[in-house]
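Step one of this worksheet: look at the structure below.
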Amino acid sequence: MCITALVSAQNNQVVNAYNAIRNKEYDKGKIAADAAAVHPNTINSPKMWMYRGKIYQAIYESKDEEVKKLDTEAHEKAVESFKRAGKELRLIE
(Lines give C-alpha, C1' and ligand atoms only; values in the text may rest on other atoms or scores of the structure.)
Protein backbone atom coordinates (compact mmCIF):
# COMPACT_ATOMS: atom_id res chain seq x y z
CA MET A 1 0.00 0.00 0.00
CA CYS A 2 2.78 2.42 0.92
CA ILE A 3 4.69 1.74 -2.33
CA THR A 4 1.52 2.31 -4.34
CA ALA A 5 1.07 5.67 -2.63
CA LEU A 6 4.63 6.73 -3.49
CA VAL A 7 4.27 5.74 -7.15
CA SER A 8 0.92 7.49 -7.29
CA ALA A 9 2.40 10.64 -5.75
CA GLN A 10 5.05 10.84 -8.44
CA ASN A 11 2.55 10.11 -11.20
CA ASN A 12 0.56 13.00 -9.74
CA GLN A 13 3.59 15.23 -10.36
CA VAL A 14 3.44 14.27 -14.04
CA VAL A 15 -0.28 15.09 -14.10
CA ASN A 16 0.45 18.36 -12.30
CA ALA A 17 3.01 19.24 -14.97
CA TYR A 18 0.45 18.54 -17.70
CA ASN A 19 -2.19 20.65 -15.98
CA ALA A 20 0.29 23.48 -15.52
CA ILE A 21 0.93 23.50 -19.28
CA ARG A 22 -2.79 23.69 -19.99
CA ASN A 23 -3.26 26.48 -17.44
CA LYS A 24 -0.05 28.33 -18.38
CA GLU A 25 1.18 28.04 -14.78
CA TYR A 26 4.78 27.45 -15.71
CA ASP A 27 6.12 28.10 -12.23
CA LYS A 28 4.04 25.22 -10.84
CA GLY A 29 4.78 23.06 -13.86
CA LYS A 30 8.53 23.59 -13.47
CA ILE A 31 8.39 22.43 -9.85
CA ALA A 32 6.30 19.35 -10.69
CA ALA A 33 8.34 18.36 -13.75
CA ASP A 34 11.67 18.84 -11.99
CA ALA A 35 10.51 16.66 -9.09
CA ALA A 36 9.32 13.93 -11.47
CA ALA A 37 12.55 14.15 -13.51
CA VAL A 38 14.65 12.93 -10.60
CA HIS A 39 12.30 10.41 -9.03
CA PRO A 40 13.05 6.73 -9.78
CA ASN A 41 9.39 5.97 -10.61
CA THR A 42 9.06 8.66 -13.28
CA ILE A 43 12.61 9.37 -14.46
CA ASN A 44 12.20 7.07 -17.48
CA SER A 45 8.75 8.30 -18.49
CA PRO A 46 8.70 9.70 -22.06
CA LYS A 47 5.49 11.53 -21.20
CA MET A 48 7.12 13.27 -18.24
CA TRP A 49 10.13 14.34 -20.36
CA MET A 50 7.81 15.68 -23.07
CA TYR A 51 5.82 17.72 -20.56
CA ARG A 52 9.04 18.99 -18.98
CA GLY A 53 10.29 20.03 -22.40
CA LYS A 54 7.05 21.87 -23.17
CA ILE A 55 7.21 23.73 -19.86
CA TYR A 56 10.79 24.85 -20.41
CA GLN A 57 10.04 25.73 -24.04
CA ALA A 58 7.15 27.93 -22.89
CA ILE A 59 9.39 29.62 -20.32
CA TYR A 60 12.05 30.26 -22.96
CA GLU A 61 9.60 31.58 -25.56
CA SER A 62 7.52 33.68 -23.17
CA LYS A 63 7.20 37.41 -23.80
CA ASP A 64 6.56 37.90 -20.07
CA GLU A 65 9.82 38.80 -18.33
CA GLU A 66 8.59 37.32 -15.03
CA VAL A 67 8.07 33.96 -16.72
CA LYS A 68 11.46 34.16 -18.46
CA LYS A 69 13.07 34.74 -15.05
CA LEU A 70 11.84 31.33 -13.87
CA ASP A 71 14.89 29.75 -15.51
CA THR A 72 17.74 31.35 -17.44
CA GLU A 73 18.67 27.94 -18.90
CA ALA A 74 15.15 27.13 -20.13
CA HIS A 75 16.22 26.64 -23.76
CA GLU A 76 18.89 24.10 -22.86
CA LYS A 77 16.57 22.26 -20.48
CA ALA A 78 13.80 22.13 -23.09
CA VAL A 79 16.15 20.64 -25.69
CA GLU A 80 17.56 18.16 -23.16
CA SER A 81 14.05 17.11 -22.12
CA PHE A 82 12.83 16.59 -25.70
CA LYS A 83 15.93 14.52 -26.48
CA ARG A 84 15.35 12.43 -23.38
CA ALA A 85 11.69 11.90 -24.31
CA GLY A 86 12.79 10.50 -27.68
CA LYS A 87 15.44 8.31 -26.07
CA GLU A 88 12.94 6.84 -23.61
CA LEU A 89 10.44 6.18 -26.41
CA ARG A 90 13.09 4.26 -28.35
CA LEU A 91 13.87 2.17 -25.28
CA ILE A 92 10.22 1.16 -25.01
CA GLU A 93 10.01 -0.04 -28.62
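The values are calculated or read from the model by the stated rules, or taken from the named source; none is laboratory data. Everything numeric here is computed off the predicted structure, so don't read it as measured data. Heads up, the Cβs are rebuilt from the backbone with ideal geometry, glycines too, and the neighbour counts pull from every protein chain shown. Keep in mind that these areas ignore ligands, DNA and RNA; they rest on the heavy atoms of the full protein, side chains included. Shrake-Rupley method; radii C 1.70, N 1.55, O 1.52, S 1.80 Å.
Applying the selection to segment 81-93, what residues are open to solvent by 80 Å² or more (accessible area, probe 1.4 Å) and touching a helix residue (DSSP H, G or I) at 6+ places or on another chain (Cβ under 6 Å)? Leu89 - this is the single residue of segment 81-93 that is open to solvent by 80 Å² or more (accessible area, probe 1.4 Å) and touching a helix residue (DSSP H, G or I) at 6+ places or on another chain (Cβ under 6 Å). Sub-7 Å Cβ pairs linking a first residue in segment 48-72 that is free of Cβ contacts under 8 Å to residues at least 40 places away in the same chain to a second residue that is open to solvent by 20 Å² or more (accessible area, probe 1.4 Å) and hydroxyl-bearing (Ser, Thr, Tyr), at least 6 apart or interchain, are Tyr51/Tyr18; Ile55/Tyr26; Ala58/Tyr26; Ile59/Tyr26; Lys68/Ser62, ordered by first then second residue.
Just to be sure I understand, how many residues within segment 10-19 are surrounded by 17 or more Cβ atoms within 10 Å (Cβ to Cβ) and under 10 Å from the mean Cα position of the chain (by Cα)?
5
Quickly run through segment 30-80 and pick out the residues that are open to solvent by less than 20 Å² (accessible area, probe 1.4 Å), within 16 Å of Gln13 (Cα to Cα) and either modelled with pLDDT under 95 or not aromatic (Phe, Trp, Tyr) (or both). Selection gives Ala32, Ala33, Ala36, Ala37, Thr42, Met48, Gly53, Ile55.
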